[in-house]
Each structure stands twice: as C-alpha cells, then as structure tokens.
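Trainee: Structure incoming, see below.
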Amino acid sequence: MGCVYLSLNEFMPYHAEALQIDWIDLDPNSKGLILGLLRGLGSGAFVAGIAILFMVGMSLRKNPRPFLVLLPLIAVSYSTLLCYATYTVYTSTPGNPPLLLNIALVATSALASITLSLSQRNSSDN
C-alpha cells in the first residue's frame with residue numbers, strides 16, 4: 001500500500017468521491033497539498049511494512065523474542081489507525097474508501113499477533 005500511495009500522481013477515485021471534485025478541476029496548490037498528504041501516508045505505510053517484514057524475516061531465521069512486543073505493536077497500531085482514518089472518510093464524506101479491506105487488515109494483524117504470542121507461550125512451556 002505504501003508503494004501505491006508513494007507513486008500516485010493524482011488522488012484515488014474514492015478521494016474524488018469524498019471531495020466531489022475531479023483531480024483536473026483542483027487548483028495547483030490543492031493538488032500539491034493532497035499529493036503531499038498522500039505521499040506522507042504512503043511513506044508511513046512503506047516504513048511500517050518494511051519494519052514488519054524485517055521483523056518477521058528475522059523471527060523466522062532467529063529467536064523471535066526481541067520482536068514479541070514491537071512486531072504486534074507496529075502491525076496492530078498502524079492498521080488500526082489507518083482503519084480509523086478510513087472510517088473517518090467513510091462516515092464524513094460521500095467517498096467510498098476501502099473500509100472492509102482495512103477492517104480485514106486490522107483483523108489479520110491482530111490474529112497474527114495473537115498467534116505469535118501463543119506460539120511463544122507454547123514453546124516456552126516445552
């Protein structure tokens with residue numbers, strides 16, 4: 001998702017629905033501001049995604065103990081805050097952002113975090 005938002009040259013169709021204006025009709029200052037905001041979101045998503053992939057990779061190759069708190073914290077908190085932002089657009093504008101996809105991301109992040117915790121608990125019991 002981070003790569004998608006970092007590479008945008010205009011907003012997504014649901015952004016046009018939310019603002020009720022086409023990209024071409026925006027003034028240059030608004031275009032610059034919106035692209036800056038989208039790229040800021042994309043930067044955060046990219047960095048969080050890289051951090052999560054790094055921690056997962058290291059956990060598979062070595063002892064996952066150093067990442068038992070940080071990995072779930074980043075995954076669940078980022079996906080939850082992104083879902084909250086998407087929900088805000090969904091409820092406050094006529095736009096139709098991918099809310100269900102974001103809810104699925106939160107659920108997947110939480111489930112993966114619970115699975116990681118349970119697997120570590122079971123391995124420490126043995």
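Trainee: Restricting attention to the stretch 28-46, does a residue exist that is in a helix (DSSP H, G or I), under 30 Å from Arg121 (Cα atoms) and touching a residue at least 40 places away in the same chain (Cβ under 8 Å)?
Mentor: Yes, the conditions are met somewhere in the stretch 28-46.
Trainee: Of all the residues that make up the stretch 47-75, how many are part of a helix (DSSP H, G or I) and surrounded by fewer than 17 Cβ atoms within 10 Å (Cβ to Cβ)? Spell out how you get there, then give the answer.
Mentor: We begin by selecting, within the stretch 47-75, every residue part of a helix (DSSP H, G or I); these are 47-61, 65-67, 70-75.
Subsequent filtering for residues that are surrounded by fewer than 17 Cβ atoms within 10 Å (Cβ to Cβ) retains 47, 49-51, 53-54, 56-58, 60-61, 65-66, 70, 73.
Residues flagged as part of a helix (DSSP H, G or I) and surrounded by fewer than 17 Cβ atoms within 10 Å (Cβ to Cβ) within the stretch 47-75 amount to 15.
Trainee: From (1) of a type outside the set (Phe, Trp, Tyr); (2) closer than 26 Å to Ser119 by Cβ; (3) in contact with a helix residue (DSSP H, G or I) (Cβ under 6 Å, 6 or more places away or on another chain), pick out the condition that doesn't hold for Gly2.
Mentor: Every condition holds for Gly2 apart from (2).
Trainee: I would also like to ask the following. With modelled with pLDDT of 85 or more and of a type outside the set (Gly, Ala, Ser) as the only criterion, which of Leu81, Leu116, Leu60 stands out?
Mentor: Leu81
Trainee: Also, quick follow-up: Does the stretch 21-32 include one or more residues that are under 28 Å from Ser117 (Cα atoms) and either at pLDDT 95 or above or not acidic (Asp, Glu) (or both)?
Mentor: No: the stretch 21-32 contains no residue that is under 28 Å from Ser117 (Cα atoms) and either at pLDDT 95 or above or not acidic (Asp, Glu) (or both).
Trainee: When the stretch 9-40 is examined, which residues are found to be buried (at least 17 other Cβ atoms within 10 Å of the Cβ), within 20 Å of Cys83 (Cβ to Cβ) and not hydroxyl-bearing (Ser, Thr, Tyr)?
Mentor: Phe11, His15, Ala18, Leu38
The values are calculated or read from the model by the stated rules, or taken from the named source; none is laboratory data. Since the model is a prediction, treat every value here as computed from it, not as a measurement. When we count neighbours, we look across all protein chains shown, and the Cβ atoms used for this are built from the backbone with ideal geometry, even at glycine.
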